[in-house]
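Comments concern the structure below.
The values are calculated or read from the model by the stated rules, or taken from the named source; none is laboratory data. Owing to the predicted nature of the structure, the values given are computational and were not obtained by experimental measurement. Glycine also receives a Cβ, built like all others from the backbone with ideal geometry; neighbour counts cover every protein chain displayed.
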């Protein structure tokens with residue numbers, strides 16, 4: 001008989017025919033002693049079946065040649081569940097449908113005795129007790145305890161098996177097949193086709209131009225399944241309430257609710273409708289996608305972090321627009337995760353700490369010196385930020401050759417980082433980038449030469465060459481990519497490493513050498529670069545007034561200064577007013593200033609700012625200010641240095657108080673430029 005762990009080892013050896021004990025143990029996250037035991041047992045089975053055995057060579061090297069008949073070992077007749085597998089099966093069954101836990105029936109299905117199952121149930125009981133839940137038996141098994149605790153445990157348990165339900169896995173273990181069939185059967189009994197529900201949600205997200213990371217989508221889909229089951233079984237406590245998030249104002253997505261109602265034959269309660277939509281809004285924050293934050297708040301954090309890294313490495317990270325975009329998409333959700341104490345727990349990035357330890361520590365130090373995120377200690381989060389900066393160091397011009405479909409489910413920022421790294425280091429063209437859950441709907445296969453993915457690829461279009469890689473490419477990843485016939489470009493040493501190796505020179509000579517290297521890297525000052533706050537302003541867009549009766553009038557006036565000069569359309573102000581009424585006065589720094597900003601859409605013609613100085617404070621609900629700044633940004637990027645210089649001015653100079661004394665727009669502009677000189681001196 002073969003346990004699931006033994007099958008896991010065998011599957012790994014099939015994919016990695018030359019390896020060693022330590023590498024297998026590390027990748028499968030099991031004790032090396034167990035790996036040795038499992039390989040000995042596998043060899044016994046392979047010998048009896050007259051199949052090629054696993055060769056054990058010196059220094060722990062393992063070699064294995066796969067054989068067509070090896071697949072026989074994956075059959076049910078050769079499989080027995082380990083205790084760990086049985087405990088996981090029992091735990092899910094008890095949480096999702098305890099009526100299915102019948103010892104006589106399970107004893108036959110799992111091929112173990114009743115007494116063995118009773119011992120397994122004791123283990124499950126101990127695990128549940130850690131979550132303040134109690135397992136009892138009263139004619140049938142029941143779990144009792146706090147409803148919220150029960151929901152959280154069930155959600156966490158079910159979530160880990162969702163990929164089995166929505167992805168087409170190439171080769172499932174017997175354990176995975178058993179779990180998959182159980183979950184599907186639970187929902188089939190209440191008339192629900194899980195794949196159809198997943199397809200419906202995917203279509204609605206696509207129709208609304210919404211893309212989640214794989215992790216966010218799986219989390220959202222898990223909660224939808226639990227809401228559906230809770231309603232069908234009329235168990236009110238299983239109707240999940242979404243996490244509290246007062247900053248999100250959610251309108252019920254009528255189309256999504258109607259589609260789900262039709263597919264499930266459910267007339268959802270109002271609370272359930274709200275939960276379905278709130279969960280989707282929260283999923284965008286849970287993942288690494290762009291969320292509407294106070295622009296100045298997030299951008300100030302990003303640029304302070306980049307300044308710290310520039311100081312520590314002598315690399316001008318401000319010139320890397322991909323890095324800026326990636327960090328802006330990452331830092332907003334990161335701040336929310338810090339506030340809500342959400343742990344991303346992404347073990348895939350743990351190697352960054354080991355393989356790039358020196359640079360990781362630089363990033364860690366820079367983060368500790370950056371406002372808002374200075375207490376960040378989560379290693380996974382720090383590694384994620386390190387990836388952004390490492391990829392920025394690697395970025396070179398791209399040459400398109402092979403046409404590649406990139407599958408990355410970690411979110412927008414990581415997808416961009418990996419895309420740029422691949423294009424800079426290999427002769428390829430990235431045709432499309434998408435998360436794994438959308439792969440089954442992909443139709444542009446005729447334009448694809450090969451697929452590169454960060455996770456196991458669902459069973460679609462297997463005739464196309466494929467490679468699975470890490471978000472930050474390792475030596476093994478380079479080898480896998482080269483197997484696809486993709487040529488590697490000439491790689492110039494990292495600027496940071498060169499700087500360290502030039503430590504024997506004096507400061508002036510080292511600076512001269514580094515400037516030459518920067519030119520060789522292709523770093524250039526962009527034309528018409530917006531550097532300071534005054535670059536975004538003009539005296540014709542500065543107004544000094546006695547005051548306003550209401551804040552909407554002040555907003556309209558500030559937008560008019562922009563629309564009159566062709567920066568925005570007249571609708572721009574209406575959009576900002578609507579956002580403030582919906583989201584609140586989040587953009588007002590009480591008794592300091594307000595930074596008004598709308599979306600970078602069709603209403604924005606070009607980037608610029610207006611400034612209003614009101615002698616009487618303008619009241620935005622409970623907040624007030626005399627300084628009103630209105631921003632229009634064409635691409636959400638080029639205004640960033642200007643905002644950064646403004647933040648530095650209000651921290652290091654008396655700009656705000658000076659502006660309150662200005663009598664004319666010209667005088668206000670002189671004050672601004674004077675403060676800009678002060679922070680640059």
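Condition check ((1) in a helix (DSSP H, G or I); (2) at pLDDT 70 or above; (3) buried (at least 19 other Cβ atoms within 10 Å of the Cβ); (4) in the same structural domain as residue 192 (by TED's automatic domain parsing)) across all residues:
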| residue | (1), (2), (3), (4) |
| --- | --- |
| 256 | yes, yes, yes, yes |
| 261 | yes, yes, no, yes |
| 266 | no, yes, no, yes |
| 299 | yes, yes, yes, no |
| 303 | yes, yes, yes, no |
| 308 | yes, yes, yes, no |
| 311 | yes, yes, no, no |
| 324 | yes, yes, yes, no |
| 330 | yes, yes, yes, no |
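If you check residue 130 against the conditions, is it free of Cβ contacts under 8 Å to residues at least 12 places away in the same chain and surrounded by 12 or more Cβ atoms within 10 Å (Cβ to Cβ)? Full working, then the answer.
Values: free of Cβ contacts under 8 Å to residues at least 12 places away in the same chain: yes; surrounded by 12 or more Cβ atoms within 10 Å (Cβ to Cβ): no.
In short, no.
I'd like the full set of residues that are at pLDDT below 80 and surrounded by fewer than 21 Cβ atoms within 10 Å (Cβ to Cβ), limited to the range 622-639. Give the steps one after another, and end with the answer.
Filtering the range 622-639 for residues at pLDDT below 80 gives 634-639.
Passing the criteria: 634, 635, 636, 637, 638.
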Practice prompt. State whether one or more residues within the range 180-200 are touching a strand residue (DSSP E or B) at 6+ places or on another chain (Cβ under 8 Å) and closer than 23 Å to residue 456 by Cα.
Written response: no
Worksheet item: Which number in (1) touching a residue at least 24 places away in the same chain (Cβ under 8 Å); (2) part of a helix (DSSP H, G or I); (3) more than 16 Å from residue 96 (Cβ to Cβ) marks the one condition that residue 168 misses?
Response: (2)
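Can you pull out the residues in the range 89-108 that are within 41 Å of the chain's Cα centre (by Cα), free of Cβ contacts under 8 Å to residues at least 60 places away in the same chain and in a helix (DSSP H, G or I)?
Those that are within 41 Å of the chain's Cα centre (by Cα), free of Cβ contacts under 8 Å to residues at least 60 places away in the same chain and in a helix (DSSP H, G or I): 90, 94, 98, 99, 106.
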Worksheet item: Does residue 118 qualify as being at pLDDT 85 or above, out of contact with any helix residue (DSSP H, G or I) (no Cβ under 9 Å at 6 or more places or on another chain), more than 29 Å from residue 269 (Cβ to Cβ) and in a helix (DSSP H, G or I)?
Response: no
Response to the item:
The residue from 169, 183 that alone is at pLDDT 90 or above and either touching a helix residue (DSSP H, G or I) at 6+ places or on another chain (Cβ under 8 Å) or loosely packed, with under 13 Cβ neighbours inside 10 Å (or both) is 183
Practice prompt. Can you tell me which residue within the range 193-210, out of those that are in contact (Cβ under 8 Å) with a residue 60 or more places away in the chain and crowded, with 20+ Cβ neighbours inside 10 Å, is nearest to residue 260 (Cα to Cα)?
Written response: 197
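Quick one: is residue 45 under 39 Å from the mean Cα position of the chain (by Cα), over 26 Å from residue 479 (Cα atoms), at pLDDT below 85 and surrounded by 14 or more Cβ atoms within 10 Å (Cβ to Cβ)? Working first, answer last.
Values: under 39 Å from the mean Cα position of the chain (by Cα): no; over 26 Å from residue 479 (Cα atoms): yes; at pLDDT below 85: yes; surrounded by 14 or more Cβ atoms within 10 Å (Cβ to Cβ): yes.
No; evaluated as a whole, the condition is false for this residue.
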Worksheet entry | Residue in the range 103-115 that is farthest from residue 177 (Cα to Cα), counting only those that are at pLDDT 85 or above and surrounded by 12 or more Cβ atoms within 10 Å (Cβ to Cβ) | 103
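If you check residue 229 against the conditions, is it modelled with pLDDT of 60 or more, out of contact with any helix residue (DSSP H, G or I) (no Cβ under 6 Å at 6 or more places or on another chain) and either at positive phi or surrounded by fewer than 19 Cβ atoms within 10 Å (Cβ to Cβ) (or both)?
On the way: modelled with pLDDT of 60 or more: yes; out of contact with any helix residue (DSSP H, G or I) (no Cβ under 6 Å at 6 or more places or on another chain): yes; either at positive phi or surrounded by fewer than 19 Cβ atoms within 10 Å (Cβ to Cβ) (or both): no.
Criteria not met by residue 229.
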Worksheet item: Are any of the residues in the range 581-591 modelled with pLDDT of 90 or more, closer than 30 Å to residue 677 by Cβ and surrounded by fewer than 19 Cβ atoms within 10 Å (Cβ to Cβ)?
Response: no
Worksheet item: Across the range 355-372, what is the number of residues that are at pLDDT 85 or above and either surrounded by fewer than 17 Cβ atoms within 10 Å (Cβ to Cβ) or not assigned by TED's automatic domain parsing to the domain that holds residue 310 (or both)?
Response: 4
Worksheet item: Just for helices (runs of 4 or more DSSP H) wholly inside the range 405-522: which have at least 2 residues that are within 27 Å of residue 202 (Cα to Cα), at pLDDT 80 or above and touching a strand residue (DSSP E or B) at 6+ places or on another chain (Cβ under 9 Å)?
Response: 412-425
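Condition check: surrounded by fewer than 22 Cβ atoms within 10 Å (Cβ to Cβ), within 21 Å of residue 540 (Cα to Cα) and either in contact (Cβ under 8 Å) with a residue 60 or more places away in the chain or not assigned by TED's automatic domain parsing to the domain that holds residue 543 (or both). Does residue 606 satisfy that? Steps first, please.
On the way: surrounded by fewer than 22 Cβ atoms within 10 Å (Cβ to Cβ): yes; within 21 Å of residue 540 (Cα to Cα): yes; either in contact (Cβ under 8 Å) with a residue 60 or more places away in the chain or not assigned by TED's automatic domain parsing to the domain that holds residue 543 (or both): no.
Answer is no for this residue.
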Discussion item. Go through (1) at pLDDT below 80; (2) within 27 Å of the chain's Cα centre (by Cα) for residue 598 and report which single condition fails.
Written reply: (1)
Practice prompt. Show the residue pairs that are 6+ apart or on different chains and have beta-carbon atoms under 6 Å apart, the first residue being within the range 424-447 and under 13 Å from residue 404 (Cα atoms) and outside the structural domain of residue 165 (by TED's automatic domain parsing), the second being at pLDDT below 80 and assigned to a strand (DSSP E or B).
Written response: 426/488; 427/399; 427/401; 428/401; 429/400
